[in-house]
Amino acid sequence: MTTAQSSYPVVPGQPRPVDGRRQLFAHPAAGHRPPLNDTTRRLCAAAYLNDDFAYQVIGETTGDDQRSVPLSLGFDVEPVIRHSFRARRMLVVREALLTLVVVVGLVLVPGATLAWLALAAGIRRLRRERRGYRLQARSGWTLIALSVVLYCCSSTASPLLLLAQSEQPAASPYDPYDTGDATGDLSSRVSELYNTSLLMLIFSLPLMLALATVVVALVTRVRSLHTLTQTLAPGTTAPLPGLSSARVEQRVAWLAGAQRGNVSLHSRDPFMGAGQSELQWSMAVLLQGAAVRDGGRHGEERFTRDAFDPRTISAAQLQHLIRASLLRLHDPALPPHQRVPGVRLLDRIVADGERPHGDPLIDPHHHTPLQIASPEAIAAITEQPQGGIRYYLHVLVAVDGRDVHMQDGSVALPAQAQDVVISAFVHVAVEGGKLYIEFIRSVLPPVADRYRLVDRLRPAMGYLVARSLPAVLSDWLNSAAAPARLWRHLRQIAFISYWARVAREDAKLFRLYEHGARVSVRELAAADEGLTFLQDLDANKYLKLVEKTVLSTVLDYLEHSGVDTSEFRMQMMSVQTTTIFNGSATMNGPTAFGSKSFAQQVGQPGTGPSA
C-alpha cells in the first residue's frame with residue numbers, strides 16, 4: 001500500500017505553510033523503502049525464531065494507532081512488522097495442530113496425555129529454576145513423579161479399554177448336547193481380534209500422538225528456516241509479505257515515515273531505541289565577564305570584571321557550533337583511516353507522551369503524534385526548553401567498519417561491521433544567567449546471536465532438517481503449552497482491532513492521553529550478554545572523542561564571547577578525571593600521584609597527604 005492511499009495526513013518533506021504561516025509540526029513522509037540491511041534481516045528472522053518477539057511486535061506497533069514509535073537506528077521497522085504477521089500465521093497453524101493432538105489424546109488416552117503434560121510442565125519448571133527464576137525445584141520433581149504415576153495408571157483409565165471390555169461376549173451356561181457351531185467360533189475369533197487390536201491401540205496411541213507432535217514441530221521449524229533462506233538471505237530482493245487488514249496497512253504506512261521523524265514522545269525512556277541510556281555528566285557555568293587585573297592606587301593587585309551581557313549567549317548558536325565541530329570528525333579532508341566511521345548528527349525533540357487535547361504535537365483530526373518538527377520549532381525549543389519537552393543533538397556513531405590498507409594501497413583486512421550503535425545526546429540551555437550543558441551516553445548492543453542464524457543458513461532441505469533435529473526434544477516439551485499459546489494468538493487476532501478502536505475513542509474522549517512509545521523493536525532483539533570487551537572499548541573510545549569535541553567547542557565559544565572560563569575549565573577537568581581506572585580498581589575519592597602531590601577531601605577530619 002502506498003503512502004498516498006493512507007488515511008493519515010502524511011506531509012512530504014518539511015512541514016508546509018498553513019494560512020500563511022509555516023506549520024511547526026507534521027507527519028513525516030514514508031519515503032523510498034531502503035533495501036534490507038543486515039540488522040533489518042536479523043530482526044525479521046527474530047519473528048520466526050522467537051514466538052514472543054512476533055507477538056510483542058504486533059501488539060506494540062499495531063494495537064494502538066495513537067501511540068508514537070521509538071527511534072529506528074540502523075534498521076527499517078516496516079519489514080519487521082510485516083514478517084511478524086507472517087510468522088504469526090505460521091505459528092497459529094502449528095499451535096492449532098498441536099492443540100488438536102492434545103485434545104485427541106485427552107479424549108482417547110487421558111491418562112497418558114495428562115502424564116505427558118505433567119512431565120513437560122515439570123521439566124520446564126526445572127529449566128526455569130536453573131535460569132534463576134525463584135521457583136521451587138520441588139514442584140518440578142513433584143510434577144515429574146505425578147507423570148510417572150499417571151502413565152502407570154493410563155491403561156486402566158482409557159475409554160478404549162472400557163470399549164474393549166464392553167465387547168466381551170457374555171459367558172453362556174454349559175450345554176452337554178452342544179456339538180459346536182462354526183459361526184460361533186468365527187464370531188469369537190473376530191471378537192478376540194477386535195479386542196486385541198484395541199489393546200494394541202491403547203498402548204501404541206500415546207507413542208503415535210507423541211510422534212505426531214514431533215512431526216508437526218519439526219515440519220514447522222524446517223518451514224521457518226526455509227522461509228529465512230528464501231526471503232531473508234543476504235542480498236535477497238524478495239517482496240515483503242502482505243497484510244490482510246486495511247487498518248494495519250494504514251498504520252504500517254504511518255510507521256514507515258514516523259520512524260524517521262525527529263520528535264520522540266515517550267512513556268518512560270526519552271531515548272528508547274538507542275540502548276541503555278545514562279547521564280555521563282552535566283554542568284552549570286556562571287556567565288560573567290572575564291577577570292582583569294587592576295594595579296590600584298597603592299600598588300596592591302586587584303581584579304575587576306569586564307561588563308558582560310548573558311543575553312549574548314545563544315543555546316541554538318552553541319548547538320550549531322557543536323554540530324560543525326562534530327562533523328569534522330568525519331571530515332573528507334582527513335585521511336580515510338583517521339576519520340571516525342559512521343558519524344551522523346540528528347535533531348531530536350523529546351517530549352512527554354501524555355498530551356492534552358489541542359496539543360501542537362498531536363494531529364487534531366486523527367489524534368496521532370506529529371513526529372517531524374520544522375527548523376523554526378527546533379530553534380524555538382532549543383532556546384526555550386520546558387520540563388516536558390527539550391531539544392538534544394543526537395550524535396550517532398554506527399561502527400560500520402573500514403578496510404585496513406597497506407602502504408601500497410592494497411587491502412590487508414576487509415571492513416568488519418560491529419552492529420553496535422553508539423549514541424551521545426547533547427543538551428544546552430541558557431537560563432538564569434547560567435549555561436547548562438548535559439551529556440548523555442547510550443550504547444545499543446548488537447542483535448542477539450540466535451537471530452544471526454539467518455546469515456549462516458544454506459537452502460538445502462537436508463541441511464535444514466539436520467539443523468532442526470537438535471531442537472526436537474525442546475519443541476516436543478514446549479508443545480504441551482500449545483493450547484495456551486493458541487488462545488493468546490487467537491485473542492490478539494480477534495481483539496486487536498477492538499483494542500485499537502477503544503484507544504482511538506479514549507484519545508477523543510479523555511482530556512489527556514498517553515501517546516508515548518513503550519517498547520523498542522530493536523531493543524527486544526538485543527543481545528542479553530551486552531557488548532564484548534573490545535566492543536566496550538570501542539564505545540568508550542568514540543564517546544570520549546565526542547565528549548572532548550563538545551567540551552573544546554564550548555570552551556572556544558565562551559572564550560570568544562568574553563565569558564570568564566575559569567569555572568568551566570575546573571568543571572571540564574573534573575569531568576575528564578572523575579573516574580580513574582587503575583587495573584581492576586576504580587578510585588572515585590581524593591587521589592594524588594607524584595612525590596610532592598597532595599589530595600584532601602574537605603570536611604573529613606584526620607585527612608592528610610597521601611603520596
Inside segment 447-465, can you point out the residues that are of a type in the set (A, V, I, L, M, F, W, C) and in a loop (DSSP other than H, G, I, E, B)?
A448, L457, A460
Could you list, in sequence order, all residues of segment 406-432 that are modelled with pLDDT under 90 and touching a His at 6+ places or on another chain (Cβ under 7 Å)?
V411, A412
Only one residue in I440, I493 is in contact with a Leu (Cβ under 6 Å, 6 or more places away or on another chain) and either under 27 Å from I58 (Cβ atoms) or crowded, with 16+ Cβ neighbours inside 10 Å (or both), so which one is that?
I440
Pairs, first modelled with pLDDT of 90 or more in segment 196-218, second of a type in the set (A, V, I, L, M) and open to solvent by 40 Å² or more (accessible area, probe 1.4 Å), C-beta under 7 Å, six or more apart
V216/L97
Please determine whether any residue of segment 406-418 is crowded, with 20+ Cβ neighbours inside 10 Å and in a strand (DSSP E or B).
no
Name the residues in segment 59-104 that are surrounded by fewer than 24 Cβ atoms within 10 Å (Cβ to Cβ), within 24 Å of V472 (Cβ to Cβ) and either small (G, A, S) or touching a Cys at 6+ places or on another chain (Cβ under 8 Å) (or both), would you?
A96
On the given criteria, is A45 under 30 Å from A471 (Cβ atoms), outside any loop (DSSP other than H, G, I, E, B) and at pLDDT below 90?
no
Quick one: which of V103, V18 is hydrophobic (A, V, I, L, M, F, W, C), at pLDDT 85 or above and farther than 29 Å from R344 by Cα?
V103
Mind checking which residues of segment 504-526 are over 18 Å from P360 (Cβ atoms) and either basic (K, R) or open to solvent by 10 Å² or more (accessible area, probe 1.4 Å) (or both)?
R504, E505, D506, L509, F510, R518, V519, V521, R522, E523, L524, A526
Quickly run through segment 371-387 and pick out the residues that are open to solvent by less than 30 Å² (accessible area, probe 1.4 Å) and out of contact with any helix residue (DSSP H, G or I) (no Cβ under 9 Å at 6 or more places or on another chain).
S374, A377, I381
Lone qualifier among V101, V69 - being in a helix (DSSP H, G or I) and either touching a Gly at 6+ places or on another chain (Cβ under 7 Å) or touching a residue at least 24 places away in the same chain (Cβ under 8 Å) (or both):
V101
If S147 passes every condition in (1) modelled with pLDDT under 75; (2) surrounded by fewer than 20 Cβ atoms within 10 Å (Cβ to Cβ); (3) farther than 30 Å from A54 by Cα but one, which one does it miss?
(2)
Of the residues in segment 31-42 that are charged (D, E, K, R) and assigned to a helix (DSSP H, G or I), the one that is surrounded by the fewest Cβ atoms within 10 Å (Cβ to Cβ) is D38
Determine which member of the set L255, L225, L207, L279 is hydrophobic (A, V, I, L, M, F, W, C), within 25 Å of the chain's Cα centre (by Cα) and open to solvent by 40 Å² or more (accessible area, probe 1.4 Å).
L279
Step by step: first the residues of segment 527-569, then only those that are in contact with a strand residue (DSSP E or B) (Cβ under 9 Å, 6 or more places away or on another chain) and of a type in the set (F, W, Y), then the one that is least open to solvent (accessible area, probe 1.4 Å). Which residue is that?
F568
Tabulated pairs, segment 238-253, first of a type in the set (K, R), second open to solvent by 40 Å² or more (accessible area, probe 1.4 Å), C-beta under 7 angstrom, 6+ apart or interchain
R247/S497
Which residue pairs have Cβ atoms closer than 7 Å, lie 6 or more positions apart in sequence or on different chains, and pair a first residue in segment 497-520 that is touching a residue at least 60 places away in the same chain (Cβ under 8 Å) with a second residue that is part of a helix (DSSP H, G or I) and of a type in the set (G, A, S)?
Y513/A507
Filter pass, T236 being within 24 Å of A525 (Cβ to Cβ) and surrounded by fewer than 18 Cβ atoms within 10 Å (Cβ to Cβ):
yes
Is it the case that some residue within segment 131-141 is modelled with pLDDT under 85, in contact with an Asp or Glu (Cβ under 9 Å, 6 or more places away or on another chain) and open to solvent by less than 30 Å² (accessible area, probe 1.4 Å)?
yes
Taking segment 318-367 as the region of interest, how many residues are of a type in the set (G, A, S) and open to solvent by 60 Å² or more (accessible area, probe 1.4 Å)?
2
Note down all Cβ pairs under 6 Å where the first residue falls in segment 332-361 and is closer than 16 Å to L545 by Cβ, the second is of a type outside the set (S, T, N, Q) and open to solvent by 40 Å² or more (accessible area, probe 1.4 Å), and they're at least six residues apart or on different chains.
R339/H330; V340/H330; P341/D400; P341/R402; G342/D400; V343/H330; L345/R323
For segment 373-398, the count of residues that are modelled with pLDDT of 90 or more, assigned to a strand (DSSP E or B) and out of contact with any Ser or Thr (no Cβ under 8 Å at 6 or more places or on another chain) equals 5
Would you mention how many residues in segment 338-372 are among the small types (G, A, S) and outside any loop (DSSP other than H, G, I, E, B)?
1
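The values are calculated or read from the model by the stated rules, or taken from the named source; none is laboratory data. Computed from a predicted model, the values in this text were never measured in an experiment. Glycine gets a Cβ as well: all are built from the backbone with ideal geometry, and neighbour counts include every protein chain shown. What goes into the accessible areas is simple: the full protein's heavy atoms, side chains included, and nothing from ligands, DNA or RNA. Shrake-Rupley method; radii C 1.70, N 1.55, O 1.52, S 1.80 Å.
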